[in-house]
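Colleague: The following block contains the structure, expressed as C-alpha cells.
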Amino acid sequence: MSEIASPSRRSFLGKSAGAAAGLMFGFHIPFDAVAQETIAPEINAWVVVKPDDTIVIRIARSEMGQGTLTGLAQLVSEELDADWSKVTTEYPTPGQQLARNRVWGSFSTGGSRGVRESHEYVRKGGAAARMMLVQAAANQWNVPVTECVAEKSVITHKPSGRKLTYGAVSDAAGKLQAPTDIKLKDPKDWKLAGKRLARLDTVDKTTGKQVYGMDLKLPDMLNAAIKDCPVLGGKVKSFDAKAIAGKPGVKKVLQVGDSAVAVVADTWWRARTALDALPIEWDKGANASISQADVNKTLKEGLDAPDAVVGNSNGDIKAGLAGAARKIEAVYSYPHQNHATMEVMNATAKWTPERCEVWTPTQNGEAALAAVSEAAGLPQNKCEVYKLHLGGGFGRRGATHDWAQQAVLIAKEMPGTPIKLIWTREEDMLHGRYHPITQCKMTAGLDEKGELKSLHMRISGQSILAALFPQAVKDGKDAAVFQGLNPPGPEASFTYGVPNLLIDHAMRNPPVIPGFWRGVNLNQNTVYVESFIDEIAHATKQDPLALRRKLLKDNPKALAVLNAVADKAGYSKPLKKGVYRGLAQCMGFGSYVAACAEVSVSKDGKLKIHRIVAATDPGHAVNPQQIEAQVEGSFVYGLSAALYGECTLKDGQMEQTNFDTYNVLKMDEMPKVETIVMPSGGFWGGVGEPTIAVAAPAVLNAIFAATGKRIRDLPLKNHSLKA
C-alpha cells in the first residue's frame, strides 16, 4: 500500500480543483474538499463513515426494483473492506451533483447501465476511502501504512495487534489527500461482490417503511389531479371552472400548458372527482382522424421503400439473393406498448420566486432537475430534485419528465404551497411514451444444400431518437433501431455469421410519442431474427438448435449460452407428450443471453408455458441472486408484452386505458424459470434488459413446434391457437 501524504486541507483544495472532473473519460477520484469542510465523516463523495461505524454509501443511480442500489453498494463495500452489516445507502441529489461538478458521474439509470457503466469508478471510490482510513490509523499509531491491514471495517496493525474501527479514524481520514495510485481487487478475490447477498432495500419495502412518491406527505400540502387532452397533440379549447366551484375541498382549477386542466384540492380523491365533473371542451387537432389502420399502412409501405438507412452489412446482398437457389420470406410486426408501471406518474412540487423543489421517482435525477428548472423559470442552482425509489420505471421515468413539469406549473400558481400531483391510471395509459411500433420483412437466400448464404432484414417503423433526441440522429440513422443487429462489437451485435447481409431501416414516425421501453428495440429485433431463423430451420428440415450452432460457430460466447440452455433443458431428450420446445438467443446491452421455452397448447387453443431455461453471460456477476431475480422479472414483463401488450389508436387516441384492456401476466400463467448465470469475465454487460428479448421468440417457436402455426404479429391474444 502506498503512503498517503497529509497536507493541510486548504492547501489540498488549491491543488485539486479538477480532481472530480472527467469521470466518463478517465477516472479521477471523486473527492470534494469543499464539501468535506461541512460534512466531517465524509471520506470522499462515495463513502461516509459515522463515529458509530455506520457506513453510508452514496448511490448515484436509481433503484426501481432491479437491485442496482445493492449491487453498487457491494462493489464499493468490497473495495472498502467494509462490514456489510453496517452498510446503508443514500441518494445524492442532482443539486449537490451540480454544485460539486458532477462528482458522481452519470445519474442516468437505463439501458442496463447502472452497474456496467460505473463499476470502475465506484470501486475506486471505495478503494480510495479504504486507503485513506488505513493511512489515518497508521498516522495515529505513527507506524508505516504497509504494516496495517483492513478487514470488515477494522484496521489492524499487524506487528502489535492494535485495532481501530473505521468510525474512530473517519474524521482524520476525511482530511487526507485522496490517493492517485489505486489498485482494484481481482474479481477472483472478491468477498462481498459476486456473492448472493440480501438486498438492502427489501426490509423497508416489506414493512411499509419505504416512502414512494405517492406516499409522500409534506406540511400544508395540497393535492392535484390532471386531465390532458386524450387525443395526441390536442389542446384545451375551454373549461367551466364555475361548474365545480362548490365541490368539497376544491382550492383551484387551472389550465396547465396548452393541453391540460388540473384541479387542486385538500385530498387527491376530491381533486379527481371534481375533475371528472368538470366540463372540458377539447380542440382535438389534426390527429383526431388517425387510427391504427393508417399507421399500419404507412409502416407496410416502408417495407419495400427505396429510402432506407443501413445499420449493418457485409458481402453482396443483391448478388447473393439474385443467385439464391431458394428464397424464404416472412413479414412480422410489433405494436406500441405502454410501460404500465405499478406506480403511476407523480411528483410533489413547491415553488417560490427564489427556489423550486420537487420530490419524485426518476431514473435520471439530472434530467429531472433540467426539466424542473425549465418549468420553474429558474436556473438549475435555484432548483432541487429529491429522488425517491421508483415503483417501476422500465424507461418511462428516464428520458422525459412531463409529469414533473406539470407539477411545477401547478405549484407556480400557488407559491409556497407543496402540491402533490398524481396521475390516474387512465392518464398514465393515454399519455405514455410508448414502445416504438415496427414491421419487418425478412428475406433469406439459400444455396442448393439449403444453407443460409444471404439475409436481408428490412425494418420499417418508428425512431425513438428522432422523437426525443433528434440531435442524435445522424444522416437519417437512429443507431438505437439496430440493437442486437450491429456489426461485431461490445454492445448489441448480430450474432450469426451470414456471408451476405443487409440490415436497414425505413423510418416511419406516427404521431404517437415513443420512449425507451425495457429492452427497447432489442425486443422486437430478437423476435424477428429468432422467429425467422426458426422458420429457415423448419423449411430446410434442420434441427433449430443444430442450425443455430452452425451459424454461431465463430461466436463462442453466444454459442456458449445457447449450449448451456440446451443442456440444462435436456434438449436431446424427449419431453412428455404434448409439450414442445422453442429456442432463442441474442446479444444485447453488452451481454449474451439464450432461452429454451417449453409449452403445451390444448385442443381448444389454451397456451401453457411450463418452463423457461435461461442463460446469461454478463461478463461479471455482482450478485447472482439479483441476476436470477432480474431474469425472472424480465420474463414476466416480456411475456406480458408477448401475450397481451398492445396499444392501438382510434380517432387519435389510445384505446387501452386501464388493465381491463391492457392485460398483464397472471401468477398462474407464469412459467417456472431456471436461470444459468455464467460470467466469463473480461467485460461488463447488463442484466435487467437483455433476457427480456429472448422470452417471446422462444415461446413463439415452441408454439410453432406444438401447433404448426407461425405467429408473426404480436400480441398472441389476437390469434387463435386452436388445432
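Colleague: Separation between the Lys650 and Lys327 pseudo-spin-labels, each 7 Å from Cα along Cα→Cβ, expressed in nm?
Modeller: 3.9 nm
Colleague: Another question, then. Take Ala243 and Val211, extend 7 Å from each Cα along the Cα→Cβ direction, and tell me the distance between the two endpoints in nm.
Modeller: Result: 3.8 nm between the two label points.
Colleague: Among 307-315, 703-711, how do they line up from the highest to the lowest mean number of other beta-carbon atoms within 10 Å?
Modeller: For the peptides 307-315, 703-711, the packing ranking is 703-711, 307-315.
Colleague: I would also like to ask the following. Just how far, in whole angstrom, is the range 390-460 from the range 42-117 if you go by their alpha carbon centroids?
Modeller: 28 Å
Colleague: Given a Förster distance of 35 angstrom, what is the FRET efficiency for Ala560 paired with Glu448, based on the Cβ-Cβ distance and rounded to 0.05?
Modeller: After rounding to 0.05, the efficiency reads 0.65.
Colleague: Tell me the per residue accessible area of the chain using a 1.4 Å probe; a whole number in Å² is fine.
Modeller: Each residue of the chain exposes 39 Å² on average to a 1.4 Å probe.
Colleague: Using alpha carbons only, how many angstrom separate the centre of the range 156-200 from the centre of the range 253-325?
Modeller: 51 Å
Colleague: By how many nm would the segment from Ala723 to Ser680 grow when fully extended, if each residue of separation counts as 0.36 nm and the alpha-carbon distance is taken off?
Modeller: Stretched out fully, the Ala723 to Ser680 stretch lengthens by 11.1 nm.
Colleague: Now for a separate question. In the chain, with Lys and Arg counted as +1 and Asp and Glu as -1 at Cβ, which of these residues, Gln439, Leu716, Asn223, has the Cα nearest the positive end of the dipole, that is, farthest along it?
Modeller: Farthest towards the positive end: Leu716.
Colleague: Just subtract the alpha-carbon distance of Ala319 and Trp141 from 0.36 nm times their residue separation and send over the number in nm, one decimal.
Modeller: Here the answer is 56.3 nm.
Colleague: Next question, about the same structure. By the scheme Lys and Arg +1, Asp and Glu -1, what is the net charge of all other residues having a beta-carbon under 15 Å from that of Ala569?
Modeller: Local net charge: +4.
Colleague: Which is farthest toward the positive dipole end of the range 141-229 among Leu197, Gly208, Ala172, measuring Cα position about the Cα centre, with Cβ charges +1 (Lys, Arg) and -1 (Asp, Glu)?
Modeller: Selected residue: Leu197.
Colleague: Relative contact order for the range 364-452: what percent, with Cα pairs under 8 Å and sequence separation of 6 or more?
Modeller: Once normalised by length, the contact order is 26 percent.
Colleague: Shifting gears a bit: At a threshold of 8 angstrom on Cα-Cα distance, excluding pairs fewer than six apart, so keeping six or more, what relative contact order does the range 199-335 reach in percent?
Modeller: Reported as a whole number, the value is 24 percent.
Colleague: Show me 382-390, 685-693, 579-587 ranked by packing, highest mean number of other Cβ atoms within 10 Å first.
Modeller: 685-693, 579-587, 382-390
Colleague: Right, next: Would you list, by chain and number, the lysines whose Cα falls below 18 Å from the Cα of Lys50, excluding same-chain residues fewer than 8 positions away?
Modeller: Lys86, Lys152, Lys163, Lys175
Colleague: Okay, moving on. Which net charge results for the neighbourhood of Thr657, defined as the other residues with beta-carbon distances under 11 angstrom from its beta-carbon, given Lys and Arg at +1 and Asp and Glu at -1?
Modeller: So the surrounding residues net to -4.
Colleague: How far, in nm, would the chain grow between Val203 and Met342 when pulled straight, counting 0.36 nm per residue and subtracting the alpha carbon separation?
Modeller: 48.1 nm
Colleague: Now a separate question. I'd like to compare 128-140, 414-426: which one has the highest average count of other Cβ atoms within 10 Å, and what's the full order after that?
Modeller: Per-residue mean Cβ counts within 10 Å order the peptides as 128-140, 414-426.
Colleague: Give the percent of DSSP beta bridges with both residues in the chain that are antiparallel, rounded to the nearest 5.
Modeller: In the chain, DSSP labels about 75 percent of beta bridges as antiparallel.
Colleague: Checking the table Lys188/Lys568; Lys252/Lys412; Lys568/Lys672 against a 21 Å threshold on Cα-Cα, which pairs fail?
Modeller: In this structure, Lys188/Lys568 lie more than 21 Å apart at Cα.
Colleague: In addition: Only four residue types carry charge here, +1 at the Cβ of Lys and Arg and -1 at the Cβ of Asp and Glu. Report the dipole size of the chain about the Cα centre in Debye, rounded to the nearest 20.
Modeller: Result for the chain is approximately 1080 debye, rounded to the nearest 20.
Colleague: Would you mind getting me the FRET efficiency between Lys666 and Trp269? Use the beta-carbon distance for r and R0 = 30 Å, nearest 0.05.
Modeller: With a Förster radius of 30 Å, E is 0.60.
Colleague: What aspartates and glutamates does Lys183 reach when the alpha-carbon gap must be under 18 Å and sequence neighbours fewer than 8 apart in one chain are set aside?
Modeller: In chain and number order, the partners are Glu3, Glu78, Glu79, Asp81, Glu120, Glu147, Glu151.
Colleague: Heavy atoms only, probe 1.4 Å: what % of the accessible area of the chain goes to carbon and sulfur, would you let me know?
Modeller: Solvent-exposed carbon and sulfur of the chain make up 52 percent of the total.
Colleague: Still on this structure: Can you list the residues of the range 607-641 with backbone N under 20 Å from a point 7 Å past the Cα of Glu120, pointing along Cα to Cβ?
Modeller: Under cut-off, by backbone N: 618-622.
Colleague: Same structure again: Pairs Lys573/Lys709; Lys606/Lys717; Lys541/Lys606; Lys350/Lys387; Lys327/Lys553: which are spaced more than 18 Å apart, C-alpha to C-alpha?
Modeller: Going by Cα-Cα distance, Lys573/Lys709; Lys541/Lys606; Lys327/Lys553 fall outside the 18 Å limit.
Colleague: Still on this structure, please answer the following. Using Cα pairs closer than 8 Å and at least 6 residues apart in sequence, work out the relative contact order for the chain, in percent.
Modeller: After rounding, I find 13 percent.
Colleague: Before rounding to the nearest 500, sum -39500 (n - 2.57) across all DSSP H runs of length at least 4 in the chain and divide by the residue total; then give [θ] at 222 nm in deg cm²/dmol.
Modeller: Only helices count here, giving -8500 deg cm²/dmol.
The values are calculated or read from the model by the stated rules, or taken from the named source; none is laboratory data. Because the structure is a prediction, the values reported are computed rather than measured. All Cβ positions, even for glycine, are placed from backbone atoms using ideal geometry, and neighbour counts span all protein chains on display. What goes into the accessible areas is simple: the full protein's heavy atoms, side chains included, and nothing from ligands, DNA or RNA. Shrake-Rupley method; radii C 1.70, N 1.55, O 1.52, S 1.80 Å.
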